[in-house]
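Encoded as structure tokens, the structure appears first; notes follow it.
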Amino acid sequence: MSSPLEAPARARRRWLDAGTLTPVIAALLFGAYAALQMRWDWLGNYYPLLLRGLGMTVLLVIVTSSLGMLLAIPIGLVQVVGPKWLALPARAFCTVIRGTPLLLQLWLLYYGLGSLFPQFPWIRDSALWPILRQAWPYAFVGLTLSYAAYEGEVFRGAFKGVPKGQLDAARAYGMSGLLTFRRIWLPQAFKRAMPTLAGETILQLKATPLVATITVIDVYSVAAQVRQQTYLTYEPLLLISAIYILMAVAITKVFARLSGQGQDNTAFRKS
Amino acid sequence: MEMLHADGIRKTFGNLEVLRGVSLTANKGDVISLIGGSGSGKSTFLRCLNCLEHPTGGEIRVDGDAIAFRPDGHGNMEPASKTQMRRIRARLAMVFQSFNLWSHMTLLENVIEAPVHVLGVDRKQAVDEGLRLLQRVGLYDKRNTYPAFLSGGQQQRGAIARALAVQPLAMLFDEPTSALDPELVGEVLKVIRELAEEGRTMILVTHEMSFARDVSNQVLFLHGGLVEDAGPPAEVFGNPKSERLARFLGSFH
């Protein structure tokens, strides 16, 4: 017996959907307009600087997200299982960093610490001074602390969210605390945190232009420089917008790949 | 040969006395069922045996190895030697009511986890043994599947394979079928019955009265944190000495 439901379903090509196609066509048209009608001759002079700025932005995102995540794991963990004297400072750190603008933190670090340091001769005479005199260490530290505070909260929730039964099973089979953490608790918390981390890392990318305010040359600061020197406003801004979008897409892909691990149903991986 | 001996186990949570001195001896091949109403302390007792709950008082001996205790600072006792406790736990395999298979690992990874990482078994050997155990509980085809994609009955059979993988001295079952849909209970009981028949030492907290009657050689009825009645199943079920037990058993008909 055949029913109308069994009529051959026509497979629709998803990329032909109006919803996907419209923005693609719009972007192509806009790109063509921009290429033909706007001025791009400055690129010849500025591309080495642009590349340098781009390198700094990429480095900032990768380094501060990685270091920030390494800090975030203990910050989240001690708030769930740690003794009070560790949990409270961790909690306070998250509250303060998340409660103040990143711009302010960068300025306090760079202008505050940066002007405090030279007053101590032992710092000024130290081997580190040539580095501490520059702006980029403060940018890296500021962005790392910011990421650590936000992700510390994410990991706190992720650690808490792992069901107690999962840890019971680990204890019941004789795992030590460290082994339980390494084999069961951390991997499961990571999996829970992953979707949030992807979004947060994109936010981290978009926070990087703030470092331009403490004289670090990132990709945004190059655009600002082009505007000052050539009086072209939109061309450099449009270009770096496209660059930021591409980087955000790349971050999404990296995290999709990371959280895809251990999900597939067939692969039995050696650990 | 004595495998597991618990003597006078007490446990209080704050002011609540959950266990008021429960004792049990399991010799090799014994299948002991713990029955009782909810709140009678039977699950807590089971969890005290491998110290997932710190008992307040009492003694525990596993395969002749007495667990050394010290005060844990909360009015209970904790194992004095973590190494000893881990060694004992690794050989007292537990099967949980809610399965508790590790959700980020495939079935096979679950089964080989404790042998490889706790007992130090060679990985290849653990995989061979794990596959054999999965075959045995009828889940060979699901070896690379994550727990979330399995039915409750399959998860519990997988959890039993995980328990068998550590070559346990005794197996602790904490209401292994209580979280299952009725039509899935049978497949799990069948596996447990086979284990009982091959002479495994098992302690079983259960609400499946007819199953307890069939498989066990000893039944303990707990009430209010005490053993109210105990003996061979024919006696306990056929001729309950305590009125409470009679009423409890009556509630299942």
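The values are calculated or read from the model by the stated rules, or taken from the named source; none is laboratory data. Since the structure is predicted, the reported quantities are computational estimates derived from the model, not experimental observations. Note that each Cβ is placed from the backbone with ideal geometry, even for glycine, and that neighbours are counted across all protein chains shown. Accessible surface is based on the protein model in full, side chains and every heavy atom, while ligands, DNA and RNA are left aside. Shrake-Rupley method; radii C 1.70, N 1.55, O 1.52, S 1.80 Å.
Quick one: would you say B:L172 is open to solvent by less than 50 Å² (accessible area, probe 1.4 Å) and not hydroxyl-bearing (S, T, Y)? Against the criterion (open to solvent by less than 50 Å² (accessible area, probe 1.4 Å) and not hydroxyl-bearing (S, T, Y)), B:L172 qualifies. For segment B:140-158, the tally of residues that are among the basic types (K, R) and within 21 Å of the chain's Cα centre (by Cα) stands at 1.
Within segment A:163-172, not a single residue is assigned to a helix (DSSP H, G or I), open to solvent by less than 30 Å² (accessible area, probe 1.4 Å), more than 9 Å from chain B (Cβ to nearest Cβ) and free of Cβ contacts under 8 Å to residues at least 24 places away in the same chain. Just one of the listed residues (B:G57, B:G39) is more than 19 Å from A:D168 (Cα to Cα) and open to solvent by 30 Å² or more (accessible area, probe 1.4 Å), namely B:G39. Criterion first (of a type in the set (A, V, I, L, M, F, W, C) and open to solvent by 20 Å² or more (accessible area, probe 1.4 Å)) does A:I184 satisfy it? Here the answer is no, as A:I184 does not meet what is asked. Within segment B:15-26, residues that are free of Cβ contacts under 8 Å to residues at least 40 places away in the same chain have Cβ atoms under 9 Å from residues that are of a type in the set (D, E) and part of a strand (DSSP E or B) in these pairs: B:T25/B:E2; B:T25/B:D7, counting only partners at least 6 apart in sequence or on another chain. Among the numbered conditions (1) in a strand (DSSP E or B); (2) at the interface with chain A (Cβ under 8 Å from one of its Cβ atoms), the only one that B:E78 does not meet is (2). For segment A:119-156, a residue qualifies if it is open to solvent by 80 Å² or more (accessible area, probe 1.4 Å), assigned to a loop (DSSP other than H, G, I, E, B) and touching a Phe, Trp or Tyr at 6+ places or on another chain (Cβ under 9 Å), and exactly one does: A:R133.
A:T180 passes every criterion in (1) at pLDDT 95 or above; (2) in a loop (DSSP other than H, G, I, E, B) apart from (2). For segment B:60-97, the set of residues classified as surrounded by 19 or more Cβ atoms within 10 Å (Cβ to Cβ), under 21 Å from B:G120 (Cβ atoms) and touching a residue at least 60 places away in the same chain (Cβ under 8 Å) consists of B:V62, B:A90, B:R91, B:L92, B:A93, B:M94, listed by residue number.
Looking at B:G130, is it of a type outside the set (D, E, K, R), closer than 27 Å to B:K28 by Cβ and surrounded by 18 or more Cβ atoms within 10 Å (Cβ to Cβ)?
Against the criterion (of a type outside the set (D, E, K, R), closer than 27 Å to B:K28 by Cβ and surrounded by 18 or more Cβ atoms within 10 Å (Cβ to Cβ)), B:G130 qualifies.
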